[in-house]
Amino acid sequence: MNKLSSLLFAVLMMASLQSFGQRKVEIRFEVDGICGMCETRIEKALLETPGVWAAEWDKASHEVFVVYKPKKVSEMDLHRAVAAVGHDTQKVKAKSDIYDALDGCCKYKDEDVVNNHK
């Protein structure tokens, strides 16, 4: 995601947050992943979590930006949702069997796979 689209995304988020009048929180945290399939999986897991309004993972920085309602979901719930689909965060590690079931191109812990994505 380039800087202009990031800025536009943030501006739209702020405008939407004010228009709804509900308290929403923005958070960024690192999520391990490597490819577009990882991006889709990470964002889908977060967006399907009740209380999450928006989620966008950046492949280059491995950082996810999430807007959520803290009355419905906690920060730890967000980390757990991502780990539940096979991606490590700084606070929750994915279970081995879930990580092992990821497609071959998504094996972000495998040095050969990482090198092939460069």
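The values are calculated or read from the model by the stated rules, or taken from the named source; none is laboratory data. Just so it is clear, the model here is predicted, and its values are computed rather than measured. Glycine also receives a Cβ, built like all others from the backbone with ideal geometry; neighbour counts cover every protein chain displayed.
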Open item on the list: in contact with a strand residue (DSSP E or B) (Cβ under 6 Å, 6 or more places away or on another chain), part of a helix (DSSP H, G or I), surrounded by 12 or more Cβ atoms within 10 Å (Cβ to Cβ) and modelled with pLDDT of 95 or more: is that true of residue 79 in this structure?
Closed with: yes
TODO: Could you tell me whether segment 27-41 includes any residue that is farther than 26 Å from residue 115 by Cα, aliphatic (A, V, I, L, M) and loosely packed, with under 15 Cβ neighbours inside 10 Å?
DONE: yes
- [ ] Working carefully through the options 47, 7, find the one that is out of contact with any Pro (no Cβ under 6 Å at 6 or more places or on another chain) and modelled with pLDDT under 95.
- [x] 7
Open item on the list: When you scan segment 55-66, do you find a residue that is in contact with an Asp or Glu (Cβ under 9 Å, 6 or more places away or on another chain), in a strand (DSSP E or B) and of a type in the set (Gly, Ala, Ser), even just one?
Closed with: yes
Task: Scope segment 82-105; condition surrounded by 15 or more Cβ atoms within 10 Å (Cβ to Cβ) and at pLDDT 95 or above; matching residues - done: 82, 83, 85, 86, 87, 88, 89, 92, 94, 99, 102
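Identify all residues within segment 93-118 that are assigned to a helix (DSSP H, G or I) and either free of Cβ contacts under 8 Å to residues at least 40 places away in the same chain or β-branched (Val, Ile, Thr) (or both); write none if there are none.
Taking segment 93-118 and keeping what is assigned to a helix (DSSP H, G or I), we get 96-100, 104-106, 111-116.
96, 97, 98, 99, 100, 104, 111, 112, 113, 114, 115, 116 - these are the residues of segment 93-118 that are assigned to a helix (DSSP H, G or I) and either free of Cβ contacts under 8 Å to residues at least 40 places away in the same chain or β-branched (Val, Ile, Thr) (or both).
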Open item on the list: Which count do you get for residues in segment 43-54 that are under 15 Å from residue 89 (Cα atoms) and free of Cβ contacts under 8 Å to residues at least 40 places away in the same chain?
Closed with: 2
